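Novice: Pasting in a structure now, in C-alpha cells, and then I'll have a few things to ask.
The values are calculated or read from the model by the stated rules, or taken from the named source; none is laboratory data. Note that the structure is predicted; figures quoted are calculated from it, not measured. No Cβ is skipped: glycine too gets one built from the backbone with ideal geometry, and neighbour counts run over all protein chains shown. Remember, those area values only see protein heavy atoms, side chains included, never the ligands or the DNA or RNA. Shrake-Rupley method; radii C 1.70, N 1.55, O 1.52, S 1.80 Å.
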Amino acid sequence: MTKHINKTLIEINKANIDWSWQVEVPELKNDEQSIKQALLSIDKPLYLADKDGHLSVCHQLATTKAEELTSVLGFAQAIKAEDLGCDEFKKAHGVKYAYHGGAMANAIASVELVIALGQAGFLCSFGAAGLIPDVIEDSIKRIQRALPNGPFAVNLIHAPSEEALESGAVERFLKLGVRTVEASAFLGLTEHIVYYRVAGLSQNADGSINIQNKVIAKISRTEVAEKFMSPAPQKILDKLLAAGKISALQAELALQVPMADDITAEADSGGHTDNRPFLTLLPTIIQLRDQIQSKYNYVVPLRVGAGGGIGTPESTLAAFNMGAAYIVLGSVNQACIEAGASEHTRKLLANVEMADVTMAPAADMFEMGVKLQVVKRGSMFAMRANKLYELYSSYPSIEAIPVMEREKVEKQIFRQNLDQVWETTMAFFHERDPEMLARVKDDPKRKMALIFRWYLGLSSRWSNIGEKGREMDYQIWAGPSLGAFNSWVKNSYLADFDQRKAVDVALHLLTGAAYLVRVNQLKYQGVSIDSGLLSYRPEKRLYS
C-alpha cells in the first residue's frame with residue numbers, strides 16, 4: 001500500500017467522507033508489516049488516515065475526545081470466512097460456512113473427509129457412486145456415529161446402465177435416515193430420486209410443508225436444471241403412488257415444492273463435466289432459477305451454488321460476487337490427506353498444472369459416449385480408454401476386432417486374454433447386478449462394452465488403493481482448478497501433499513476471498529495498494 005497520500009484521492013473523497021469518523025493519531029501505523037497485518041486481520045474493521053503525510057492504518061475509531069484526532073480517509077469492513085455466501089444455505093444444512101465438499105466417486109470423498117469437514121462446520125458429500133449398497137450402508141453408519149446431528153450428505157449418481165445400484169442406494173438412504181443427498185450426473189429425473197425426495201414430505205400443523213429429505217442437484221445443463229427446479233412429474237408420482245411407496249398426501253405436497261433445495265452449477269470440473277466455464281454457466285442458471293421462482297412462487301426459493309473451476313481465493317470470491325449461494329470443491333479435496341486416494345495419486349495431484357487434464361470415456365456411461373475429465377500427467381489411462389471406445393465404436397463384437405488389434409489391447413491394456421476378462425466380469429455382475437448378464441446374453445455389442453468397462457472401472461480403484469505396477473493406468477478425476485490451486489500454494493507449506501488437510505485448505509480459500517473483499521473495497525475508494533498485498537497467500541495453518 002502506498003505510504004504517501006494521494007492528494008487527488010483526498011479531493012475526490014471529500015464529498016463522501018463522514019467527517020465524524022475520526023481516529024487517534026497515536027494508534028495509526030504505516031510500516032509495511034503493520035499494513036499487511038491490518039489487511040489480514042479480516043475480523044476487524046480497517047481505517048485509513050493521514051499521519052505525517054503518510055497513509056496509515058488502525059482498527060478502531062476514536063471513542064474519546066483525544067488531543068490528536070484525524071479524519072478517516074478510507075475504510076474496509078470486518079468480514080470473516082463464515083460471512084461469505086448465503087445464510088439460508090448455512091441454516092438449512094446446519095453449517096457454519098457456505099462451502100460444500102462435493103462427492104467424488106468410489107469413496108474418494110471418503111468417510112474421513114466427510115467427518116473432518118463436518119466436525120468443522122462444513123457440508124461434505126460421501127462419494128457413494130460406484131459402491132454396492134452394503135458398502136454404502138456401512139459407510140453411512142460410520143459417518144452417523146461421528147456426526148449424529150450432521151452435517152453430511154451422500155451422493156446419488158445417475159446409473160442408466162445399472163439401475164439396480166441407483167434404486168438400491170435410495171432404499172438404503174431411506175432406511176438409514178439420510179437427510180441430504182447430492183444428485184449428480186442425472187440426464188433427467190428418475191423414479192428413484194423422486195421417491196427419495198417425496199418420501200420425506202409431510203405437512204406441519206400450520207399447513208406448511210416439511211421437507212425432510214433435502215436434495216442438492218449438481219447440473220451443467222439448463223434442461224436438467226429446469227427439471228430439478230420444478231415439482232416432481234405427475235407421471236412418476238402416479239407410479240410411486242400405485243406402488244404404495246408414497247401416500248396420496250405426499251403426492252399432493254410434491255406438486256408444491258421443487259425437486260431440489262439447492263442447484264449446483266457444475267462448470268469445468270473433474271469427472272463428469274460438460275467443461276462449461278462458470279462465468280457463463282452460473283449467471284445462466286441463476287436467471288433460470290429466477291424465472292422458475294416467478295412461475296411457481298415457492299415459499300422457500302431455490303438456492304444456486306457454483307462448482308468446477310474453483311481453486312483459488314480469486315475464483316472463490318468471483319463465484320460469491322456473481323451470486324453463488326455456496327461453492328463446491330472436489331478436485332482440490334482429492335489431493336488432501338483425508339481423501340480416499342493413494343499416496344502416489346495425491347503426490348501426483350499436488351504437481352498437476354492447469355493443462356494436465358483431458359477427457360476420457362466414462363465407465364458408467366461408456367455405451368452412451370459420455371466422457372469425464374481426468375489427469376493426463378503421469379498416466380496413460382486417457383489414451384488407452386479412448387482407444388477402447390474407438391474399438392467399441394468400430395466393431396460389433398469382441399470377435400470382430402482384428403487379431404493384431406486384439407493382441408495389442410490384451411498385452412498393453414488388459415495384460416490378460418479378453419476371454420479371461422469376460423469370466424471375471426461375469427462373476428462381478430453375478431454378484432452386483434445379475435440382470436446385466438441377462439441383457440448381455442444375445443447382445444455381443446453390450447458384452448464388448450462390459451469387457452471394456454472392466455478396465456475403466458478398475459483403473460479408478462487402482463488409483464485409490466495404489467495398485468503397484470498399474471500406475472500408468474490410474475484413472476484420476478480432476479479439473480483445471482487443481483492446477484490453479486497448485487500454482488497458488490507454490491512455495492507455501494501447502495505445496496507439500498502431506499500437509500494438505502481439507503479443513504485448513506477450505507479455510508484458506510474462504511479467508512483469502514474475505515481478504516480480497518477488503519482489498520477491493522479500498523481500491524474502489526481510490527486507494528493505491530502495493531502489488532505484494534493484492535493477493536492472499538497461505539502462510540500458516542488456520543486449522544490443525
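Novice: Could we say that Val517 is among the β-branched types (Val, Ile, Thr) and either at pLDDT below 95 or more than 25 Å from Phe278 (Cα to Cα) (or both) here? Let's see the steps before the verdict.
Specialist: On the way: among the β-branched types (Val, Ile, Thr): yes; either at pLDDT below 95 or more than 25 Å from Phe278 (Cα to Cα) (or both): no.
Spelling it out, it is not the case that Val517 is among the β-branched types (Val, Ile, Thr) and either at pLDDT below 95 or more than 25 Å from Phe278 (Cα to Cα) (or both).
Novice: Take Asn321 and decide whether it is over 28 Å from Asn210 (Cβ atoms) and without any contact (Cβ under 8 Å) to a residue 24 or more places away in the chain.
Specialist: On the way: over 28 Å from Asn210 (Cβ atoms): yes; without any contact (Cβ under 8 Å) to a residue 24 or more places away in the chain: yes.
For Asn321, the condition - over 28 Å from Asn210 (Cβ atoms) and without any contact (Cβ under 8 Å) to a residue 24 or more places away in the chain - is met.
Novice: Please specify each residue of the stretch 232-271 satisfying the condition of being of a type in the set (D, E, K, R) and touching a residue at least 12 places away in the same chain (Cβ under 8 Å). Can you show your working first?
Specialist: Our first condition is that a residue be of a type in the set (D, E, K, R); within the stretch 232-271, this holds for 235, 238-239, 245, 252, 261-262, 266, 268.
Correct list: Asp238, Lys239, Lys245, Asp261, Asp262, Glu266, Asp268.
Novice: Do we have Ser184 as surrounded by 15 or more Cβ atoms within 10 Å (Cβ to Cβ), closer than 20 Å to His100 by Cα and either acidic (Asp, Glu) or in contact with a Lys or Arg (Cβ under 8 Å, 6 or more places away or on another chain) (or both) here?
Specialist: Details: surrounded by 15 or more Cβ atoms within 10 Å (Cβ to Cβ): yes; closer than 20 Å to His100 by Cα: yes; either acidic (Asp, Glu) or in contact with a Lys or Arg (Cβ under 8 Å, 6 or more places away or on another chain) (or both): yes.
For Ser184, the condition - surrounded by 15 or more Cβ atoms within 10 Å (Cβ to Cβ), closer than 20 Å to His100 by Cα and either acidic (Asp, Glu) or in contact with a Lys or Arg (Cβ under 8 Å, 6 or more places away or on another chain) (or both) - is met.
Novice: Restricting the stretch 213-224 to residues that are polar (S, T, N, Q) and open to solvent by less than 30 Å² (accessible area, probe 1.4 Å), which is nearest to Ile285 (Cα to Cα)?
Specialist: Taking the stretch 213-224 and keeping what is polar (S, T, N, Q), we get 213, 220, 222.
From the residues that got through so far, the ones that are open to solvent by less than 30 Å² (accessible area, probe 1.4 Å) too are 213, 220.
Working: Asn213: 23, Ser220: 9 Å.
Here the answer is Ser220.
Novice: Give the residue, chosen from Val181, Val215, Val154, that is in a strand (DSSP E or B), β-branched (Val, Ile, Thr), in contact with a Leu (Cβ under 6 Å, 6 or more places away or on another chain) and closer than 30 Å to Asn275 by Cα. Give the steps one after another, and end with the answer.
Specialist: On the way: Val215 fails: in contact with a Leu (Cβ under 6 Å, 6 or more places away or on another chain); Val154 fails: in contact with a Leu (Cβ under 6 Å, 6 or more places away or on another chain).
Testing whether each residue is in a strand (DSSP E or B), β-branched (Val, Ile, Thr), in contact with a Leu (Cβ under 6 Å, 6 or more places away or on another chain) and closer than 30 Å to Asn275 by Cα leaves just Val181.
Novice: Now a separate question. Determine which member of the set Ser167, Ser161 is of a type in the set (Ser, Thr, Tyr), part of a helix (DSSP H, G or I) and more than 16 Å from the chain's Cα centre (by Cα). Break it down stepwise before answering.
Specialist: Details: Ser161 fails: part of a helix (DSSP H, G or I).
Going through Ser167, Ser161 in turn, just one is of a type in the set (Ser, Thr, Tyr), part of a helix (DSSP H, G or I) and more than 16 Å from the chain's Cα centre (by Cα): Ser167.
Condition check ((1) within 27 Å of Ala129 (Cβ to Cβ); (2) open to solvent by less than 90 Å² (accessible area, probe 1.4 Å); (3) free of Cβ contacts under 8 Å to residues at least 24 places away in the same chain) across all residues:
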| residue | (1), (2), (3) |
| --- | --- |
| Met365 | yes, yes, no |
| Val370 | yes, yes, no |
| Glu407 | no, no, yes |
| Glu410 | no, yes, yes |
| Ile413 | yes, yes, no |
| Gln416 | yes, yes, yes |
| Ala427 | yes, yes, yes |
| His430 | yes, no, yes |
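Novice: Considering each of Ala116, Ala109, Ala78 in turn, give the residue that is part of a loop (DSSP other than H, G, I, E, B) and farther than 24 Å from Arg518 by Cα.
Specialist: Values: Ala116 fails: part of a loop (DSSP other than H, G, I, E, B); Ala78 fails: farther than 24 Å from Arg518 by Cα.
Ala109 is the lone residue from the list that is part of a loop (DSSP other than H, G, I, E, B) and farther than 24 Å from Arg518 by Cα.
Novice: What are the residues in the stretch 484-533 that are open to solvent by 40 Å² or more (accessible area, probe 1.4 Å) and more than 30 Å from His54 (Cβ to Cβ), if any?
Specialist: Result: Ser487, Lys490, Asn491, Tyr493, Ala495, Asp496, Asp498, Gln499, Lys501.
Novice: Of all the residues that make up the stretch 127-141, how many are closer than 23 Å to Trp477 by Cβ and not in a loop (DSSP other than H, G, I, E, B)?
Specialist: Step one: list which residues in the stretch 127-141 are closer than 23 Å to Trp477 by Cβ, which gives 127-133, 135-136, 139-140.
So of that shortlist, the ones also not in a loop (DSSP other than H, G, I, E, B) come out as 133, 135-136, 139-140.
Adding up the residues that qualify gives 5.
Novice: Output the qualifying pairs, or none if there are none: Cβ atoms under 7 angstrom, residues six or more apart or on different chains, first residue in the stretch 272-292 and touching a residue at least 60 places away in the same chain (Cβ under 8 Å) and hydroxyl-bearing (Ser, Thr, Tyr), second residue part of a helix (DSSP H, G or I) and surrounded by fewer than 20 Cβ atoms within 10 Å (Cβ to Cβ).
Specialist: Listed pairs, sorted by first residue: Thr284/Thr222.
Novice: Oh, and also: Tally up the residues in the stretch 68-95 that are farther than 30 Å from Gly330 by Cβ, open to solvent by 10 Å² or more (accessible area, probe 1.4 Å) and touching a helix residue (DSSP H, G or I) at 6+ places or on another chain (Cβ under 9 Å), please.
Specialist: Adding up the residues that qualify gives 7.
Novice: Restricting attention to the stretch 48-67, which residues are open to solvent by less than 20 Å² (accessible area, probe 1.4 Å) and either modelled with pLDDT of 90 or more or among the hydroxyl-bearing types (Ser, Thr, Tyr) (or both)? Reasoning before the result, please.
Specialist: Going through the stretch 48-67, the residues open to solvent by less than 20 Å² (accessible area, probe 1.4 Å) turn out to be 48-49, 55-58.
Within the stretch 48-67, Leu48, Ala49, Ser56, Val57, Cys58 meet the criteria.
Novice: Let me ask you something else. Within the stretch 466-483, restricting attention to residues that are open to solvent by 30 Å² or more (accessible area, probe 1.4 Å) and assigned to a loop (DSSP other than H, G, I, E, B), which residue is nearest to Val114 (Cα to Cα)?
Specialist: Looking at the filtered set, the residue picked out is Glu467.
Novice: May I ask you to list the residues in the stretch 225-250 that are open to solvent by 10 Å² or more (accessible area, probe 1.4 Å) and in a helix (DSSP H, G or I)?
Specialist: If the condition is that a residue be open to solvent by 10 Å² or more (accessible area, probe 1.4 Å) and in a helix (DSSP H, G or I), then Glu226, Lys227, Gln234, Lys235, Ile236, Asp238, Lys239, Leu241, Ala242, Ala248, Leu249, Gln250 are the ones that fit.
Novice: Give the residue, chosen from Thr345, Thr358, that is of a type in the set (Ser, Thr, Tyr) and open to solvent by 10 Å² or more (accessible area, probe 1.4 Å). Write out each step before concluding.
Specialist: Values: Thr345 fails: open to solvent by 10 Å² or more (accessible area, probe 1.4 Å).
From the options Thr345, Thr358, the qualifying one is Thr358.
Novice: Continuing with this model, one more query. So is Leu123 among the aliphatic types (A, V, I, L, M) and touching a His at 6+ places or on another chain (Cβ under 9 Å) or not?
Specialist: Here the answer is yes, as Leu123 does meet what is asked.
Novice: Name the residues in the stretch 96-115 that are more than 21 Å from His272 (Cα to Cα), surrounded by fewer than 24 Cβ atoms within 10 Å (Cβ to Cβ) and either in contact with a strand residue (DSSP E or B) (Cβ under 8 Å, 6 or more places away or on another chain) or at pLDDT below 95 (or both), would you?
Specialist: Scanning the stretch 96-115 gives a single hit, Val111.
Novice: What number of residues in the stretch 278-314 are closer than 19 Å to Ser481 by Cβ and under 17 Å from the mean Cα position of the chain (by Cα)?
Specialist: Count: 16.
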